[in-house]
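Some notes on the structure that comes next.
The values are calculated or read from the model by the stated rules, or taken from the named source; none is laboratory data. Fair warning: this is a prediction, and the values are worked out from it, not measured in the lab. Don't worry about glycine lacking a Cβ; one is built from the backbone with ideal geometry, like all the others, and counts go over all protein chains shown.
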Amino acid sequence: MTADSLLLRKWAGNELRLSQLLPACPRAQTGTFCLDHRTASFRRQLERWLLAAAAGDACQESNSAAIAMDWTDIQASRGGDGDAYARLIARYQQPVAAYMWRFTRDRTQWEELVHDVFVEAYFSLNSYRGDAPLLHWLKRIATRVGYRLWKRKRNAPARTLEASDPPAAHRDDPAHASREAAELVHMLLSRLAPRDRLVITLSYLEGCSIAEIAQWTGWSRSMVKVQLHRARQRLESLCIEMGIEL
């Protein structure tokens, strides 16, 4: 086993305490939503529903790390300083972990994805030029890692909502309504093709602009617009087909 792999195991075991991250995420309080395809405002309803689900599924990103501090640790990490890279992980593990929760609801798989992001980032540090915040660069890597997972799982059976239903005692909790919306959106998106799922996730759940989606995915802006339009149509059709009511 190489020194690098030993370091990565140390980071995964000691730095990525992921089980502590999600319970601390703030939840937005939202009401109940009903999607009715018979109304002319179906698309607006769908977009409001997606945004509400994003609020119920979101964690705040930390922006407290100074650029100079990041750059110092990046330079040290490039020189083989494992402690410097551990500091970068500690600084960015929460926003990266929150982002990777978009890609899976399986806790074990989620931890593996977060670990993979930081492993890939470590071996790509020399490509970081500092022309964008480090978190943006990490999220581009995270997008590739999550997208690969979706492509591998494309033919796997979709998870049903009933498998993750919480106890009935919490049904009247407004925060629960928001979380339930997020879970249903995750289930619906899992039925889309990976490209459709990715562009919907980035546009609605992450609030990315067309330019940002193009940057994170490597697609052209015109391709992003076309893909988003088609993905929205497919999601609308899926909602109609399933008679979704939230």
Please find, within the range 201-242, the residue that is nearest to P133 (Cα to Cα) out of those that are polar (S, T, N, Q) and surrounded by fewer than 16 Cβ atoms within 10 Å (Cβ to Cβ).
S209
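So that you can scan it fast, the table gives a plain yes or no per residue for (1) out of contact with any Pro (no Cβ under 8 Å at 6 or more places or on another chain); (2) farther than 28 Å from Q215 by Cα; (3) at pLDDT 95 or above:
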residue: T104; (1), (2), (3): yes, no, no
residue: T108; (1), (2), (3): yes, yes, no
residue: H115; (1), (2), (3): yes, no, yes
residue: Y128; (1), (2), (3): yes, no, no
residue: D131; (1), (2), (3): yes, no, no
residue: L134; (1), (2), (3): yes, no, no
residue: N155; (1), (2), (3): yes, no, no
residue: S164; (1), (2), (3): yes, yes, no
residue: D173; (1), (2), (3): yes, yes, no
Pull up the range 77-110, narrow it to residues that are surrounded by fewer than 18 Cβ atoms within 10 Å (Cβ to Cβ) and in contact (Cβ under 8 Å) with a residue 40 or more places away in the chain, then point me to the one that is nearest to V145 (Cα to Cα).
Q109
